[in-house]
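Here, each number is a calculation from the coordinates, and none is a lab measurement. From a predicted model like this one, the values you see are computed outputs, not experimental measurements. Note: ideal-geometry Cβ built from the backbone for every residue, glycine included; neighbour counts use all protein chains shown.
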């Protein structure tokens with residue numbers, strides 16, 4: 001059999017038979033790595049679940065957003081009941097009440113929710129809302 005691909009000659013100088021052997025060798029090695037990766041992913045998921053159980057966003061999870069017991073509109077209705085607030089005050093009140101978000105522009109999201117749900121929220125004056 002000819003030289004292995006990792007011995008410096010590259011794949012260019014190998015016969016078809018040697019190329020097939022190299023492919024099989026790499027597939028076997030990859031299979032072990034894939035099984036090892038799957039075990040690590042399972043362990044990582046367990047650690048992530050423990051972190052999330054503490055109410056903390058999982059670092060480096062990217063698209064994972066915090067889970068809340070109620071959606072934003074429900075949370076806004078709860079904090080605006082019997083009160084008039086600015087968008088900023090409403091955003092701060094919702095978060096103080098336990099609503100979690102990872103949004104950098106949460107105030108804007110609250111503003112859009114108030115505007116979009118005009119049947120539920122009444123605009124008292126510019127930038128001031130209450131529960132309808």
Only helices counted: for the chain, with every DSSP H run of 4 or more residues adding -39500 (n - 2.57) and the sum spread over all residues, [θ] at 222 nm is -17500 deg cm²/dmol
Residues 108, 130 in order from fewest to most other beta-carbon atoms within 10 Å are 108, 130
Among 117, 13, 71, the residue with the largest mean-square fluctuation in a Gaussian network model of the chain built from Cα contacts under 10 Å is 13
Under the 7 Å Cα-to-Cβ spin-label approximation, residue 52 and residue 112 lie apart by a distance in nanometres of 2.3 nm
Taking only Cα atoms of the chain, the Rg to Rh ratio with Kirkwood Rh works out at 1.41
Expected max-MSF residue from 29, 45, 77 in the GNM of the chain (alpha carbon, under 10 Å) is 29
To the nearest 10 degrees, the tilt of helix 16-53 (Cα long axis) against the first principal axis of the alpha carbons of the chain is 30 degrees
Cα-Cα pairs in segment 5-53 separated by more than 17 Å, as a whole percent of all pairs, come to 55 percent
Out of 11, 114, 80, a Gaussian network model of the chain with alpha-carbon springs under 10 Å gives the largest mean-square fluctuation to 11
Per the Cα gyration tensor, segment 72-131 corresponds to an equivalent ellipsoid with semi-axes, largest first in Å, of 16, 12, 10
Rounded to the nearest 0.05, FRET efficiency between residue 43 and residue 67 (Cβ-Cβ, R0 22 Å) equals 0.50
Going fewest to most other Cβ atoms within 10 Å around each Cβ, 85, 70 line up as 70, 85
For the chain, the longest principal axis of the Cα atoms and the Cα long axis of helix 106-116 enclose an angle in degrees, to the nearest 10, of 60 degrees
